[in-house]
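Data block below; observations after.
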Amino acid sequence: MKPTEQQSVIIVAGGKGLRAGGELPKQFRLIGGLPVLMHTMVAFHRYNPEIIIIVVLPEGFESHWEEMVKVHHFTLPHRTVTGGETRFHSVRNGLEQVPTEGLVAVHDAARPLVTTELIGRCFKVCESNRCGVIPVVRESASVRLLTDEGSQMIDRELLRLVQTPQLFPAEILKEAYKTAYDPAFTDDASVAERQGFPILLVEGEESNIKITSSIDFLIAEQLLRHLPK
């Protein structure tokens, strides 16, 4: 179904991401023959070929990205901006390229396995409810909370792990990001929530992993072979 509102996505690739190993930031390393970042962009273009794609690149890697685009004959339309000191500042820079009208998603470049189903689910709930929307999955591990006395058990049924894309009416998120930076802002929902904007949770996907370490590349390669195109 054709979207009734303008849709944009900010793909945050502004970090150096060297914990995953290698000399290049993880978003530029290859899985399935393409850089991680390109897989992520393709996922959103596949969902909506008319979506505005804004890619936030790490400072100093703009020419490297241009070269990768040429090498891989990558013709998918997109805009690029330079990232900032933190993820907060990178998203703020990306928002300058987002139209005030419509909806905007913010997605980690290092989550290349996001499906069109999940993207569509998030956009649909955001459009219907005019609120922030974040995908989450259940925590399967046993967890404990550190205290002054040591630690205590937490009921994992009360916990959810947050993923991206995180969706918002663009006007609301642009306004929220006018606030001063706070280290407590760990994602876009925390910024919007600070301004009193409601957030809804939707079901995420276990396969929507964030590539952080070297072992994640091995997992992503395997998942990529089996995910629907």
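Bear in mind these aren't lab numbers, they're just calculated from the coordinates by the rules spelled out. These figures come from a predicted structure and were not determined experimentally. Ideal geometry is used to build each Cβ from the backbone, glycine not excepted, and the neighbour counts take in all protein chains shown.
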### Task
For a footprinting-style exposure proxy, rank Val162, Val104, Val114 by other Cβ within 10 Å, fewest first.
Val162, Val114, Val104
### Query
Using a simple spin-label model with points 7 Å from Cα along the Cα→Cβ vector, what separation in nm is obtained for Ile215 and Thr100?
4.9 nm
### Query
In the range 1-114, how does Rg compare with the Kirkwood Rh, expressed as the Rg/Rh ratio over alpha carbon atoms?
0.95
### Query
Amide H to amide H, which residues 5 or more places from Ile52 or on other chains are under 5 Å from it, using H placed in the peptide plane?
Gln7, Ser8, Val9
### Task
Rank the residues Cys131, Cys122 as a footprinting-exposure proxy: fewest other Cβ atoms within 10 Å of their Cβ go first.
Cys131, Cys122
### Task
Excluding Leu159 itself, calculate the net charge of residues whose Cβ lies under 12 Å from the Cβ of Leu159, where each Lys or Arg counts +1 and each Asp or Glu counts -1.
+1
### Task
For the range 7-226, give the share of DSSP beta bridges that are antiparallel, in percent and rounded to the nearest 5; count only bridges with both residues there.
45 percent
### Task
Kindly put Glu23, Glu205, Glu221 in sequence by how many other C-beta atoms sit within 10 Å of each C-beta, fewest to most.
Glu23, Glu221, Glu205
### Task
Put one equal scatterer on each alpha carbon of the chain, apply the Debye formula with no solvent term, and list log10 I(q)/I(0) at q = 0.10, 0.11 1/Å to two decimals.
-0.45, -0.55
### Task
Over the Cα atoms of the range 108-194, compute the convex hull volume and normalise it per residue, giving Å³.
145 Å³
### Task
Once you've got the GNM for the chain with C-alpha springs shorter than 10 Å, pick whichever of Ala170, Ala105, Ala180 has the biggest mean-square fluctuation.
Ala180
### Message
Compute a Gaussian network model of the chain, connecting alpha carbons closer than 10 Å, and tell me which residue from Ser207, Ser90, Ser142 fluctuates the most.
### Response
Ser142
